[in-house]
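Quick notes on the structure that follows.
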Amino acid sequence: MMKIEAIIQPSRFESVKDALREIGIEGMTVTEVRGHGRQKGHTEVYRGREYTVDLLPKLKLEMVLPDPLVQRAVDTILKTAKTGKIGDGKIFLSRVEEAIRIRNEERGENAL
Amino acid sequence: MKHLGWKCCLLMTMVLAAVPLLAQQPPSSAATGSPAAASSGIPTPASEVPKAVSEQLKQLDQRVTAAQSAGDNAWMLVSAALVLMMTGPGLALFYGGLVRRKNTLAIMMQSFLLMALISVIWALVGYSLCFGGSGPVIGGFEHAFLRGVGADPNPDYAGTIPQATFMIYQLMFAIITPALITGATAERMKFSGTVLFLTLWFLVVYAPLAHMVWGKGGFLNASLGGKFPTLDFAGGTVVHISSGVSALVCALYLGKRTGYPKQPMPPHSLVLSFIGACLLWVGWFGFNAGSALAANSLATSAFVATHFATAAAAMSWSIAEWIKNGRPSALGAISGAVAGLVAITPAAGFVGPMPALAIGFIAGFVCYWMVTKVKSIFGYDDALDAFGVHGAGGTIGALLTGVFAQQVINPIFGVGKPVGGMDGHWGQLGNQLVGVLIAWGFALIGTIVLLKITDMIAGVRVTETEEIEGLDITQHGEEAYNLES
């Protein structure tokens, strides 16, 4: 079992979600986050006081998948989330120890 | 401050309308007035005809007075409501949106508190201190507990409306003036300290200033023969200079907010501020035009001047930002509007529409400069720019009133007497300066003394921990937004 953590541009989310659904992946957790890599922020001015806003809004998608599905999911995300500009985001993969469904306490890949 | 001309015209029209009524009497009556008719044999008691006419005239006069009073009273009651709306929710929203989220309720609570507290003090003793008596500096206690303040007009102030209307209208001014100061102390003043300080401030600073400029016998009173008649139609000195200068003193005494100026503290909701600013603009028609104390052409003149000054100031602040930053901001536009409203306050019932545009245009630039350049040069943390907008705007407005006031708008010194610079009476600028300096002086000294007293009794500044956690939680045990619930 692998966890895919994908931080993407909010404007790409609908396309990513639809593409993942098409390859059979429906379950995910989505969080609104702020952050930046090398992307510059913007400047706001309030009554003459300037603030540089470094933290930019992004969306973080998290999903835990059985190993056979992981590569296809990553390729799909890469294809649909990419705009080619700085600020597109990143994907992180990590191994997951265990998964448990709360409703009926199923374990392992059956719980995904 | 009232136009008498149209009242006489109306009375004359009524009298002329009464003439056809006399024609109802039999032809042999003295309506023709000729000796031939009188000697036709039918006796005409000479005393009855004049008495009937004078009776009718008396009744007509009463009806005219009642009609006028109804119009004036309706307008004044609406104006009082409009001015209260300026504090709640106008100012509460305007300030509320400008502070950080964790201090939203606290700043709103301070405005609301004053709506309650000042009202009670006013009813007990405040009105009397401001408008009772006839001393040069302060009123008296003759109207304490609102004794004698009822349906009968007080001809010294407003001869066509109940004195209770005048009293309740003036109360709304007394409420908003201390509320303005909370803009400078925002995000770091204790609630208990706020309550004590503003109570004392109302009694020691506001009441004398209100009496000196508007009260009978007040030595700055332009319409009741004060020694240095200061033209202040709706409160440039009494409201804006007093609160603005006091705000500066408070900001300096309290010190800067923790993290200021390095840490960004942008407004948490300019949407709230926008709504508040628009409510202030609309409400200000009650503040300025209502200060005519009647529903007459002077009220119209003040209404018009208020509106145009505000529009011009919003434009000039926006132009200044467009030039300086390359784009105008929403905060700048609404701040400009407020600056215009402040500056036209002393001038509203004395200047024409073109000078109003000029006053607004100037105020937008001056207040923009005060808030952006001057504040950063001196480094004081006037958190919501109470001094930059109200102190500076009120000062410039009061001085420009001396320049632009005209007798054709308001012959306040008597028919044919020049009023301001545009009438050639440049000495009025000197009187304006006296009023401005006295307002500055009272505010400066009064605030320093009262802050010290408040600090000794209740304390004025919250602890650093409380400040970082936020005033909503620490002073009021609440959160402004529980969006997850």
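Order B:325-331, B:272-278, B:56-62, B:311-317 from most to least packed using the mean count of other Cβ atoms within 10 Å.
Packing proxy ranking, top to bottom: B:311-317, B:272-278, B:325-331, B:56-62.
Would you please calculate the Kirkwood hydrodynamic radius of the range B:251-381 over all C-alpha pairs and express it in Å, rounded to one decimal?
The Cα-based Kirkwood calculation yields 15.7 Å.
With charges only on Cβ, +1 for K and R and -1 for D and E, what is the dipole size of chain B about its Cα centre, in debye, rounded to 20?
So the dipole magnitude of chain B works out to roughly 620 debye.
Of A:Pro68, A:Ile7, A:Gly24, which is farthest towards the positive pole of the range A:2-111's charge dipole, taken about the Cα centre with +1 and -1 on the beta-carbons of Lys, Arg and Asp, Glu respectively?
Selected residue: A:Ile7.
Suppose we take every Cα in the range B:120-202 and form the convex hull; what volume per residue is that in Å³?
Expressed per residue, the convex hull around the Cα atoms of the range B:120-202 is 96 Å³.
Taking a quarter of the surface of the convex hull around the Cα atoms of chain A, what do you get in nm²?
Across all orientations, chain A yields a mean hull projection of 8.9 nm².
Kirkwood hydrodynamic radius, computed over distinct alpha-carbon pairs, for the protein assembly as shown: how many Å, to one decimal?
Its Kirkwood hydrodynamic radius stands at 28.0 Å.
Across peptide B:261-268, how many C-beta atoms of other chains are within 10 Å of each residue C-beta, on average?
3
Pop out the ³J(HN,Hα) list for the range B:434-441 in order, Karplus 6.51 cos²θ - 1.76 cosθ + 1.60 with θ = phi - 60°, rounded to Hz; leave Gly and Pro as x.
4, x, 4, 5, 5, 4, 4, x
Give, to the nearest whole percent, the P(r) tail of the range B:203-301 beyond 19 angstrom, counting all Cα pairs.
Here the tail beyond 19 Å accounts for 62 percent of pairs.
Taking a cut-off of 23 Å between Cα atoms, list the lysines near B:Lys102, but don't count ones fewer than 8 places away on the same chain.
Excluding near neighbours in sequence, the set is B:Lys190, B:Lys256, B:Lys262.
Taking each residue of B:68-75 in turn, how many C-beta atoms of other protein chains fall within 10 Å of its C-beta, and what is the average?
Counting Cβ atoms of other protein chains within 10 Å of each residue's Cβ and averaging gives 0.
Can you list the aspartates and glutamates whose alpha carbon is less than 18 Å from that of A:Lys79, not counting same-chain residues fewer than 8 positions off?
Cα-Cα hits under 18 Å: A:Glu5, A:Glu14, A:Asp18, A:Glu22, A:Glu26, A:Glu62, A:Asp88.
As a check on your grasp of the helix formula, calculate [θ] at 222 nm for the protein assembly as shown: sum -39500 (n - 2.57) over DSSP H runs of n ≥ 4, divide by the residue count, round to the nearest 500.
Using -39500 (n - 2.57) per qualifying helix, the result is -16500 deg cm²/dmol.
Per residue Cα convex hull volume for the range B:182-256, in cubic angstrom?
Given the Cα convex hull of the range B:182-256, per-residue volume reads 85 Å³.
What base-10 log of the normalised intensity I(q)/I(0) is obtained for the range B:373-438 from the Debye formula, alpha carbons as equal point scatterers, at q = 0.19 Å⁻¹?
Values, matching the q order: -0.74.
For a footprinting-style exposure proxy, rank B:Val436, B:Val238, B:Val83 by other Cβ within 10 Å, fewest first.
B:Val436, B:Val83, B:Val238
Can you list the residues, at least 5 places off or on another chain, whose amide H is less than 5 Å from the amide H of B:His425, using H built in the peptide plane?
Under 5 Å from the amide H of B:His425: B:Val419, B:Gly420.
Can you list residues from other chains, or at least 5 along the same chain, whose modelled amide H is less than 5 Å from the amide H of A:Val53?
A:His42, A:Thr43, A:Glu44
Out of all DSSP beta bridges with both ends in the protein assembly as shown, state the antiparallel percent to the nearest 5.
Antiparallel: roughly 95 percent of the beta bridges in the protein assembly as shown.
Provide B:Asp472, A:Asp54, B:Asp156, B:Asp385 in ascending order of the number of other Cβ atoms located within 10 Å of each residue's Cβ, fewest first.
Result, fewest neighbours first: A:Asp54, B:Asp156, B:Asp472, B:Asp385.
For a bin width of 5 Å, list the pair-distance distribution of the range B:353-485 built from all Cα-Cα distances, rounded to whole %.
Binned Cα distances yield the sequence 2, 8, 11, 13, 14, 13, 11, 9, 7, 6, 4, 2, 1, 0.
For chain A, take the longest principal axis of its alpha carbons; what is the angle in degrees between that and the long axis of helix A:13-22, to the nearest 10 within 0 to 90?
The helix A:13-22 is inclined about 20 degrees to chain A.
So what are the radius of gyration and Dmax for the Cα set of chain B, in Å?
26.2, 104
Could you line up B:His425, B:His240 from fewest to most neighbouring Cβ atoms inside 10 Å?
Exposure proxy ranking, most exposed first: B:His425, B:His240.
In terms of Cα to Cα distance under 24 Å, which lysines are near enough to B:Lys216, apart from those fewer than 8 places away along the same chain?
Cα-Cα hits under 24 Å: B:Lys2, B:Lys227, B:Lys417.
Throughout, read-outs are computed from the coordinates displayed, never taken from laboratory work. Just so it is clear, the structure is predicted and the values come from calculations on it, not from any experiment. Neighbour counts are summed over all protein chains in view; Cβ atoms, including those assigned to glycine, are modelled from backbone coordinates with ideal geometry.
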